[in-house]
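Notes follow the structure.
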Amino acid sequence: MDLSNIKIIDIPKITDVRGNLSVIENDVVPFEIKRVYYLYDVPSGTHRGGHAHKQLQQLLIAISGSFNVVLKDQNGAKKIITLNKPNRGLLIPNMTWRELEDFSSGAVCLVVASEVYEKADYIRDFSKFSLKV
Ligand code: T46
């Protein structure tokens, strides 16, 4: 999958004097939502991810704080995206390598996923993912 297929998605925000409310329904993502999970209490200096998915598509959101997502495609292209807004999501297609790093203190990464958890969907060996190695 080419890195041009990653997308930043604006999540609808409902604002009033009591604060903001954002909602993710099926029309926000180009897949049926099958799972939601979140990463939190990530120690400073820790990396998460370090894999690609054969089928899974995901929307990543910095619900709180910030972190960087390093994305790589099979042809060696690389992009780094900073997520730091709870109403902005990063859509990662399948067959895209991702690493999450530089988590700020208190950062929470919410993930909305197109599939249930399936260990066999992961490619954790970069040499098996990359066509350049
Ligand atoms: C991704 C990044 C952003 C489950 O049992 N169910 C689940 O739904 C998930 C996501 C994980 N797990 C288990 C599997 C491992 O024993 O939780 C443990 C940690 O998972 P992992 O090492 O894959 O965590 P991350 O943060 O490296 O990766 C996760 C997702 O797995 C991955 O799809 O894109 O977050």
For Asp73, are the conditions met, namely being more than 10 Å from the ligand (Cβ to nearest atom), crowded, with 17+ Cβ neighbours inside 10 Å and at pLDDT 95 or above? yes
Does Ile61 satisfy the criteria of being open to solvent by less than 80 Å² (accessible area, probe 1.4 Å), over 12 Å from the mean Cα position of the chain (by Cα) and either among the aromatic types (Phe, Trp, Tyr) or within 16 Å of the ligand (Cβ to nearest atom) (or both)? no
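For segment 24-42, give me the residue count where each residue is open to solvent by less than 100 Å² (accessible area, probe 1.4 Å) and either in contact (Cβ under 8 Å) with a residue 60 or more places away in the chain or under 15 Å from Leu83 (Cβ atoms) (or both).
Taking segment 24-42 first, the residues open to solvent by less than 100 Å² (accessible area, probe 1.4 Å) are 24, 26, 28-31, 33, 35-37, 39, 42.
Among the residues that remain, those that are also either in contact (Cβ under 8 Å) with a residue 60 or more places away in the chain or under 15 Å from Leu83 (Cβ atoms) (or both) are: 24, 28-31, 33, 35-37, 39, 42.
Of the residues in segment 24-42, 11 are open to solvent by less than 100 Å² (accessible area, probe 1.4 Å) and either in contact (Cβ under 8 Å) with a residue 60 or more places away in the chain or under 15 Å from Leu83 (Cβ atoms) (or both).
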Does Ser104 count as free of Cβ contacts under 8 Å to residues at least 40 places away in the same chain, over 17 Å from His51 (Cβ atoms) and more than 13 Å from the chain's Cα centre (by Cα)? yes
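Have a look at Ile123, Ile81, Ile92 and point out the one that is more than 18 Å from Asp41 (Cβ to Cβ), touching a helix residue (DSSP H, G or I) at 6+ places or on another chain (Cβ under 6 Å), within 13 Å of the ligand (Cβ to nearest atom) and touching a residue at least 24 places away in the same chain (Cβ under 8 Å).
Details: Ile81 fails: touching a helix residue (DSSP H, G or I) at 6+ places or on another chain (Cβ under 6 Å); Ile92 fails: touching a helix residue (DSSP H, G or I) at 6+ places or on another chain (Cβ under 6 Å).
On inspection, the qualifying residue turns out to be Ile123.
The values are calculated or read from the model by the stated rules, or taken from the named source; none is laboratory data. Nothing here was measured: the structure is a model prediction, and the numbers come from that model. For neighbour counting, all protein chains shown are included, and Cβ atoms are generated from backbone atoms with ideal geometry for every residue, glycine included. Only protein heavy atoms, including side chains, enter the accessible area calculation; ligands, DNA and RNA are left aside. Shrake-Rupley method; radii C 1.70, N 1.55, O 1.52, S 1.80 Å.
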